[in-house]
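Before any comments, here is the structure.
The values are calculated or read from the model by the stated rules, or taken from the named source; none is laboratory data. These figures come from a predicted structure and were not determined experimentally. Here the Cβ positions follow ideal geometry from the backbone for every residue, glycine too, while neighbour counts run over all protein chains shown. Heavy atoms of the whole protein, side chains included, go into the accessibility calculation; ligands, DNA and RNA do not. Shrake-Rupley method; radii C 1.70, N 1.55, O 1.52, S 1.80 Å.
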Amino acid sequence: MKSIGILGAGHIGGAIAMRLGAKGIAATIANSRGPETLADLVAKAGPSITAGTREEAASKDIVFLAINWAKIEGALTGLPPWNGRIVIDTNNPMQPPPLPAYDIGGRASTAVVQAWAKGARVVKAFNHHYYVNLEKEPDAEGGRRVLFFAGDDAHAKADVAALIDQLGFHGIDMGDVERGSRTFQTPDGPLIAFDLVRFG
Ligand SMILES: NC(=O)c1ccc[n+]([C@@H]2O[C@H](COP(=O)([O-])OP(=O)(O)OC[C@H]3O[C@@H](n4cnc5c(N)ncnc54)[C@H](OP(=O)(O)O)[C@@H]3O)[C@@H](O)[C@H]2O)c1
């Protein structure tokens, strides 16, 4: 069983903690202000979710990254080497509306995250839903809420696909970072914000 960390405990990190907690999957979650500020969140998410430091959350086998775009690089600075561990990039290069998206020079946003998280195997996922939809039971209405994922490392994608399935979502592999991830990348990906459900 791979250990799981969540860097970022806001809308997306919190929703992911709720989903993991609902399945009794252990995870350590961290924000910038310290574990003591996360008591309410972990109480709500359930006993399998623990508050920790940034370093503790980032030390796990699979690390969800759920931080405001402008703060990601700083949040990753000074951490121990990734050594091929998996980072799930849940992020979008967005500022709070109505401000425009960040100009990332036409790159796939996950390629930018990959450059910041050197040595990690980055898989893009959990970024295309509004957080309110991620908080909901993914398999509550007779179907399974769809989650797209993309990445360049087949083994990392297989691990992320297994976790997506374990959480009750229907994962769809969109391919690599350069082409696949752009299909559900904010602001221009054609699949962004679609709340799709797979029936049957
Ligand atoms: N909101 C959505 O519906 C949505 C949907 C899809 C994707 N996204 C993407 O998901 C990412 C997170 O969005 P969000 O809405 O969850 O943002 P948010 O609610 O503002 O939460 C951001 C979290 O990042 C933490 N953080 C900031 N700097 C940190 C650091 N140095 N170390 C550890 N944690 C740090 C913050 O902790 P503190 O509060 O302690 O500073 C906070 O818990 C963004 O890239 C966003 O584009 C958001």
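Remark: segment 22-27, residue by residue, has Karplus-estimated 3J(HN,Hα) of 5, 9, x, 8, 6, 7 Hz, where x stands for each Gly or Pro and the curve is 6.51 cos²θ - 1.76 cosθ + 1.60 at θ = phi - 60°.
Peptides 109-116, 132-139, 94-101 ordered by packing proxy, namely the average of other Cβ atoms within 10 Å per residue, highest first: 109-116, 132-139, 94-101. Within the straight-line cut-off of under 29 Å between alpha carbons, the lysines reachable from LYS118 are LYS2, LYS60, LYS71, LYS157, sequence neighbours fewer than 8 places apart in one chain being disregarded. Using a simple spin-label model with pseudo-atoms 7 Å out from Cα toward Cβ, ALA70 and LYS23 lie 3.5 nm apart. Which FRET efficiency value, to the nearest 0.05, is calculated for LEU79 and TYR102 with the Förster distance at 22 angstrom and r the Cβ-Cβ distance? Here the calculated transfer efficiency is 0.50. Here the 3J(HN,Hα) profile of segment 95-110, calculated from phi with Karplus coefficients 6.51, -1.76 and 1.60 at θ = phi - 60°, is 9, x, x, x, 5, x, 5, 5, 7, 10, x, x, 7, 5, 5, 5 Hz, Gly and Pro shown as x.
Could you let me know the centre-to-centre spacing of segment 30-107 and segment 145-189, using Cα atoms, in angstrom? Each part reduced to its Cα centre gives a spacing of 18 Å.
Using a Förster distance of 45 Å, how high is the FRET efficiency between GLU137 and ARG33, based on the Cβ-Cβ distance and rounded to 0.05? Provide the component values of the computation, followed by the final result.
Values: r = 29 Å, r/R0 = 0.65.
So the FRET efficiency works out to roughly 0.95.
Within segment 1-117, what whole-number % of the accessible surface is contributed by carbon and sulfur, with the 1.4 Å probe and all protein chains included in the calculation? Let's see the in-between values first.
On the way: 2970 of 5370 Å².
Of all accessible area on segment 1-117, carbon and sulfur atoms account for 55 percent.
Sorted by average packing, counted as other Cβ atoms within 10 angstrom per residue and highest first, what order do 52-65, 29-42 take? Provide the component values of the computation, followed by the final result.
Values: 52-65: 20.1, 29-42: 16.4.
Averaged packing, sorted descending, gives the order 52-65, 29-42.
Summing +1 for each Lys or Arg and -1 for each Asp or Glu among the other residues whose beta-carbon sits under 12 angstrom from that of VAL177 gives +1. Phi angles of segment 147-160 translate, via the Karplus equation with coefficients 6.51, -1.76, 1.60 and θ = phi - 60°, into HN-Hα couplings of 10, 7, 9, 7, x, 9, 10, 4, 5, 4, 5, 5, 5, 5 Hz per residue; Gly and Pro are given as x. A Förster distance of 22 Å, applied to the separation of the beta-carbon atoms of ARG198 and ALA154, puts the FRET efficiency at 0.50.
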